[in-house]
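K.L.:
Provided herewith is a single structure, encoded as structure tokens, for subsequent inquiry.
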Amino acid sequence: GAVVSQHPSRVICKSGTSVKIECRSLDFQATTMFWYRQFPKQSLMLMATSNEGSKATYEQGVEKDKFLINHASLTLSTLTVTSAHPEDSSFYICSASGRQNIQYFGAGTRLSVL
Amino acid sequence: AQSVTQLDSHVSVSEGTPVLLRCNYSSSYSPSLFWYVQHPNKGLQLLLKYTSAATLVKGINGFEAEFKKSETSFHLTKPSAHMSDAAEYFCVVSEASGTASKLTFGTGTRLQVTL
């Protein structure tokens, strides 16, 4: 089946620093990638949708200057949390979708901002 | 607009007994429906999907779900629960089109399996 790799799985950083999370589709070309945020014991909330080679589309309430998304190739998308603060601590999950219009999810990144 | 309601936030069953996780959906179009499973601190794994073909959908690990348009339901079942089935389950709806569509997630049902 389709495999999506997300790295790192866990990151701890100081307040004010930036953190980059990578999402790779390993065995298929992902025309669209999605970034989600999940708070403890809650469902996934879509943050943004990105298509290869174009700007990401952000959901209402998500700061595009704070959560920078780059989708430079059909197998890689990155999410950079800029100037992270403790309230940005969360579980971030990416997904990738190819021709079958099914989203395959990465294992997630737990971000802790001190 | 589309939405999903998972009727139970927590379900507890004994090992070897049937599992029923309930889901109702609302969609303006012919939806695609999915069930995903999430183990602690892990990403989501696709269990099964319905995309307007057979209404009874068989998935991995013995799970299946039946699409009932008249009841706008897509309940997930398994004849016999295993300890390894303990996880969070999400019912998801997508207004499918030719390109990747947004997913709307239910709030999740935590399945507990006891000995």
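K.L.:
As an exercise: evaluate A:Ser112 against (1) farther than 22 Å from B:Phe90 by Cβ; (2) at pLDDT below 95; (3) within 14 Å of chain B (Cβ to nearest Cβ) and give the number of the one condition it does not meet.
P.N.:
If we test A:Ser112 against (1) farther than 22 Å from B:Phe90 by Cβ; (2) at pLDDT below 95; (3) within 14 Å of chain B (Cβ to nearest Cβ), just (2) comes out false.
K.L.:
Sticking with this structure for a sec: Answer yes or no as to whether B:Val113 is open to solvent by less than 20 Å² (accessible area, probe 1.4 Å) and within 16 Å of the chain's Cα centre (by Cα). Let's see the steps before the verdict.
P.N.:
Values: open to solvent by less than 20 Å² (accessible area, probe 1.4 Å): yes; within 16 Å of the chain's Cα centre (by Cα): no.
It is false that B:Val113 is open to solvent by less than 20 Å² (accessible area, probe 1.4 Å) and within 16 Å of the chain's Cα centre (by Cα).
K.L.:
For the range B:38-65, enumerate the residues that are within 27 Å of B:Thr114 (Cα to Cα) and open to solvent by 80 Å² or more (accessible area, probe 1.4 Å). Don't jump to the end; show me each part of the working.
P.N.:
Start the filter on the range B:38-65 by keeping residues that are within 27 Å of B:Thr114 (Cα to Cα), which leaves B:38-48, B:57-65.
Those that are within 27 Å of B:Thr114 (Cα to Cα) and open to solvent by 80 Å² or more (accessible area, probe 1.4 Å): B:Pro40, B:Asn41, B:Lys42, B:Gln45, B:Lys58, B:Asn61.
K.L.:
Check off (1) at pLDDT 90 or above; (2) within 14 Å of another protein chain (Cβ to nearest Cβ); (3) closer than 17 Å to B:Ser73 by Cβ for B:Leu46 and give me the number that stays unchecked.
P.N.:
The number of the failed condition is (3).
K.L.:
Could you list, in sequence order, all residues of the range B:66-90 that are under 23 Å from A:Phe34 (Cβ atoms) and either open to solvent by 10 Å² or more (accessible area, probe 1.4 Å) or out of contact with any His (no Cβ under 9 Å at 6 or more places or on another chain) (or both)?
P.N.:
Answer for the range B:66-90, where residues must be under 23 Å from A:Phe34 (Cβ atoms) and either open to solvent by 10 Å² or more (accessible area, probe 1.4 Å) or out of contact with any His (no Cβ under 9 Å at 6 or more places or on another chain) (or both): B:Phe74, B:Leu76, B:Glu88, B:Tyr89, B:Phe90.
K.L.:
Suppose we keep only residues that are out of contact with any strand residue (DSSP E or B) (no Cβ under 7 Å at 6 or more places or on another chain) and open to solvent by 90 Å² or more (accessible area, probe 1.4 Å) within the range A:28-66. Which one would you say is modelled with the lowest pLDDT?
P.N.:
Within the range A:28-66, the match that is modelled with the lowest pLDDT is A:Lys41.
The values are calculated or read from the model by the stated rules, or taken from the named source; none is laboratory data. Just so it is clear, the structure is predicted and the values come from calculations on it, not from any experiment. Positions of Cβ are generated from backbone atoms using ideal geometry, with glycine treated the same way; all protein chains shown enter the neighbour counts. The protein model used for the area step is the full one, side chains on, heavy atoms only, and it has no ligands, DNA or RNA in it. Shrake-Rupley method; radii C 1.70, N 1.55, O 1.52, S 1.80 Å.
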